[in-house]
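The values are calculated or read from the model by the stated rules, or taken from the named source; none is laboratory data. Model, not experiment: these values are computed from the prediction. Glycine also receives a Cβ, built like all others from the backbone with ideal geometry; neighbour counts cover every protein chain displayed. We work out accessible area using only protein heavy atoms, side chains counted, and drop any ligands, DNA or RNA first. Shrake-Rupley method; radii C 1.70, N 1.55, O 1.52, S 1.80 Å.
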Amino acid sequence: MSLILRILFVLAGAITALFVARDALNFTIIQTFVAILLVTSVLLAGSLWSLRRKT
């Protein structure tokens, strides 16, 4: 589980770095927000995939 979260945080850091400078004071806050969005989107995609397979 921690490996998955680390991968998501690396992706979140890369995505955040595209929009916010790494030395900005709120970089970690925005990175955490992007990581939460990534986790939510992965969970949503997984639940929609399971619904698709049941029908």
In the range 1-21, residues that are closer than 17 Å to residue 41 by Cα and open to solvent by less than 40 Å² (accessible area, probe 1.4 Å) total 4
Would you pick out the residues in the range 33-48 that are touching a residue at least 12 places away in the same chain (Cβ under 8 Å) and open to solvent by less than 60 Å² (accessible area, probe 1.4 Å)?
34, 35, 38, 39
On the given criteria, is residue 24 surrounded by 11 or more Cβ atoms within 10 Å (Cβ to Cβ) and in contact with a Phe, Trp or Tyr (Cβ under 7 Å, 6 or more places away or on another chain)?
no
Residues within the range 1-27 that are of a type in the set (S, T, N, Q), part of a helix (DSSP H, G or I) and out of contact with any helix residue (DSSP H, G or I) (no Cβ under 9 Å at 6 or more places or on another chain), tallied
1
